Amino acid sequence: MDADNLKKALRFYFITDDNAPELTPREQVEIAIQAGATIIQYRNKSFALEAFEEVVAIRDLCRKNNLPCIINDNILLAKAVMADGVHLGQEDENPVIARNILGSEALIGISVHSLAELNETDLSHCNYIGTGPVFPTTTKADTQQVRGLSNLAAVANKSPLPVVAIGGIDSATAKFCFEHGACGVAVISSITRAKNPFEEARKLGEACGCLPP
């Protein structure tokens, strides 16, 4: 994927929520796609093989709509379902391993929380970075301290790769992330825990300038 198409793909980055009280991950993805999401990440920190068919179904939804399907952390799961790539945290496997297993065309993202981490991270096998939390969030139990918009701007200014902002972002705050250098915003609970998930997803699509398929 060339640089321009990658930036377009990262614009409205939806991440599934395996603990959402009302919606299954597949239902979440259906809503996000209907609202204009441009890339989907399957995230399940307690993944078990019983959920394998669910991942396949989500991958198929992405393919049907010509969207990249990314797997969080689990390189072998990404390989098994023939996903388009993987997103790794600082404590996960090395991107070199992901590249060797998934191949030259895979999209590999990595989380970078600060300028210090950016300077210490080998990005040679990565395609984009995710940075945050920009705003307070309760979605992730192991979340980092809030980094704010100034940190986002600093990382985006220094990064040689496209930057996706994450953490507490909703339809009202997405514009501030774009104004501070992000090429995309990643969202979870603003959609999955909303009173009206589709309405919030639709507003996010509008904020990102993304049209439904």
For the range 45-56, 3J(HN,Hα) per residue [Karplus equation, 6.51 cos²θ - 1.76 cosθ + 1.60, θ = phi - 60°, Hz, x = Gly/Pro]:
5, 10, 4, 10, 4, 4, 8, 4, 5, 5, 5, 4
Helix-derived mean residue ellipticity, 222 nm - over the chain, DSSP H n ≥ 4, -39500 (n - 2.57), to 500
-10500 deg cm²/dmol
So how do V185, V81, V112 line up by other beta-carbon neighbours within 10 Å, fewest first?
V81, V112, V185
Specify the residue with the greatest mean-square fluctuation among S150, S46, S124, computed from a Gaussian network of the chain linking alpha-carbon atoms under 10 Å apart.
S46
Could you check which residue among Q41, Q145, Q28 shows the biggest mean-square fluctuation in a GNM of the chain with a 10 Å Cα cutoff?
Q145
Quick one: H125, H113, fewest Cβ neighbours within 10 Å first, how do they rank?
H125, H113
Of the labelled options (1) 25, 21, 20; (2) 22, 21, 16; (3) 34, 21, 17, which one gives semi-axes √(5λ) of the Cα gyration tensor in Å as computed for this structure?
(2)
Sorting C126, C69 on the 10 Å Cβ count, fewest up front, what's the list?
C126, C69
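Coordinate-derived values only; no laboratory data. Note that the structure is predicted; figures quoted are calculated from it, not measured. Cβ: placed from backbone, ideal geometry, glycine included. Neighbour counts: every protein chain shown.
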